[in-house]
Amino acid sequence: MNTRRSPILSAGRREIAGAPLDHIPDPPAFLNDVGRRKFEEIAAYLVDLRAMTAGEIPLVEQFAACYSRWVAAEEALAGGDPGWRTVVTRQGTPGSSVPTPAMLQSQRSIEQLRKLGAALGLAPVERARLPAGRDGGEDEYERLMRESGAA
């Protein structure tokens, strides 16, 4: 058995890198309320599936931080930021439209969330790589399919 340990986590504990966690890690202090809630939600989901190891903690932290930036950008857009502005040329005539900082942040965050979500197995197509079932039990989808006669 590999007893190599991962670096100390923000909470000061050491975890065996490849062993599934049996507890939800504490969110890092740098996350805002939105990020902390998302960290706890994703971590709980992955721990429940026994798919979260110490190695996934930084990815979940990144996902939560990125999610909170996306929410802030979308709130700015909903609060009156038009999303696009027209550049005025040197001659004083309207030129092309360019995205505002909030729109750029939203677009970049969405792309980062897709990549991080795929790495964590959150995208539907990536879920197949996660451990099947929860603690060896049947999951809700499998039960519904069996009861409907489709499986």
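The values are calculated or read from the model by the stated rules, or taken from the named source; none is laboratory data. Because the structure is a prediction, the values reported are computed rather than measured. Methodologically, a virtual Cβ is constructed for each residue, glycine included, from the backbone with ideal geometry; neighbour enumeration extends over all protein chains shown. Side chains are part of the model used for accessible areas, which takes the heavy atoms of the whole protein and leaves out ligands, DNA and RNA. Shrake-Rupley method; radii C 1.70, N 1.55, O 1.52, S 1.80 Å.
Quick notes
- Difference of contour (0.36 nm per residue) and Cα-Cα distance, ALA19 to ARG143: 41.9 nm
- Averaged over residues, the count of other Cβ atoms within 10 Å places the peptides 38-49, 57-68 in the sequence 57-68, 38-49, highest first.
- Accessible carbon and sulfur surface of region 84-132 relative to its total accessible area, %, 1.4 Å: 57 percent
- Modelled FRET efficiency - R0 22 Å, GLU111 with GLU75, Cβ distances, 0.05 increments: 0.70
- Positive minus negative residues near ALA64 (Lys, Arg vs Asp, Glu; Cβ under 14 Å): -2
- Computed from label points 7 Å out along Cα-Cβ, the spacing between VAL88 and ASP33 is 4.0 nm.
- Heavy-atom accessible area per residue - region 79-124, 1.4 Å, Å²: 65 Å²
- Environment charge of GLU74, counting only residues whose C-beta is closer than 14 Å and scoring Lys/Arg +1, Asp/Glu -1: +1
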